[in-house]
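Novice: Sending over a structure as structure tokens; questions will come in a sec.
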Amino acid sequence: MVEFIGLLKVKVVKGINLAIRDMMSSDPYVVLRLGQQTVQTTIVKSNLNPVWNEELMLSVPQEYGPVKLEVFDHDTFSADDIMGEAEIDIQPLLTSALAFGDPEMFGNMQIGKWLKSDDNALLEDSTINIIDGKVKQKISLKLQNVESGELELELEWMPLDQ
């Protein structure tokens, strides 16, 4: 049986300059996977710069890997087309959160950072902060294996013991 250590709230904020997969545009949606779990946003019709502002929840098991992210173009009559992918390393967020314990005991402050490198899809370094008693992280990703596209996300860690 899988034991969970907390919840990860992922706010899919928006896509920027996503790839064209239909005639002139695309109908994008985002799929997130962690372990056996899969969650997805709604489909935004005919938009290469969609704004979702949707919160998706994933349970984080004790043995976790990266969150796998994929963007697809919804097609009515054929299989949906991939519009890029990326991996989100949640280790920096969880390590920072667990090191500080109860975030409500601290004021707003930076507690960690996920650094941009050639090994990840970050557009810039991503800071991990305590904001209003919650551990949060804003992430800007360049989608991989596609000609264009970026995604902005906000993560929030919620331990199960609260």
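Novice: Consider L18 carefully, then state whether it is modelled with pLDDT of 95 or more, within 14 Å of the chain's Cα centre (by Cα) and surrounded by 15 or more Cβ atoms within 10 Å (Cβ to Cβ).
Specialist: Numbers: modelled with pLDDT of 95 or more: yes; within 14 Å of the chain's Cα centre (by Cα): no; surrounded by 15 or more Cβ atoms within 10 Å (Cβ to Cβ): yes.
So L18 fails the test.
Novice: Does A97 meet the test of being in contact (Cβ under 8 Å) with a residue 24 or more places away in the chain, crowded, with 21+ Cβ neighbours inside 10 Å and under 18 Å from I128 (Cα atoms)? Steps first, please.
Specialist: Details: in contact (Cβ under 8 Å) with a residue 24 or more places away in the chain: yes; crowded, with 21+ Cβ neighbours inside 10 Å: yes; under 18 Å from I128 (Cα atoms): yes.
So A97 fits the description; yes.
Novice: Could you tell me which numbered condition N49 fails, if it satisfies all but one of (1) open to solvent by less than 50 Å² (accessible area, probe 1.4 Å); (2) closer than 22 Å to N145 by Cβ?
Specialist: Of (1) open to solvent by less than 50 Å² (accessible area, probe 1.4 Å); (2) closer than 22 Å to N145 by Cβ, only one is false for N49: (1).
Novice: If we only count strands (runs of 3 or more DSSP E) wholly inside segment 3-79, which ones have 3 or more residues that are in contact (Cβ under 8 Å) with a residue 24 or more places away in the chain? Spell out how you get there, then give the answer.
Specialist: Working: elements: 4-16, 28-34, 37-40, 51-61, 67-73.
Counting at least 3 such residues, we get 4-16, 28-34, 51-61, 67-73.
Novice: Now a separate question. Tally up the residues in segment 90-130 that are of a type in the set (A, V, I, L, M, F, W, C) and assigned to a strand (DSSP E or B), please.
Specialist: From segment 90-130, those of a type in the set (A, V, I, L, M, F, W, C) are 90, 93-94, 97-100, 105-106, 109, 111, 114-115, 121-123, 128, 130; that's our starting set.
Cutting the leftovers down to assigned to a strand (DSSP E or B) gives us 109, 111, 114, 122, 128, 130.
Final tally of qualifying residues: 6.
The values are calculated or read from the model by the stated rules, or taken from the named source; none is laboratory data. Quick caveat, the model's predicted, so the values are computed rather than measured. We place every Cβ from the backbone using ideal geometry, glycine too, and count neighbours over all the protein chains shown. Heavy atoms of the whole protein, side chains included, go into the accessibility calculation; ligands, DNA and RNA do not. Shrake-Rupley method; radii C 1.70, N 1.55, O 1.52, S 1.80 Å.
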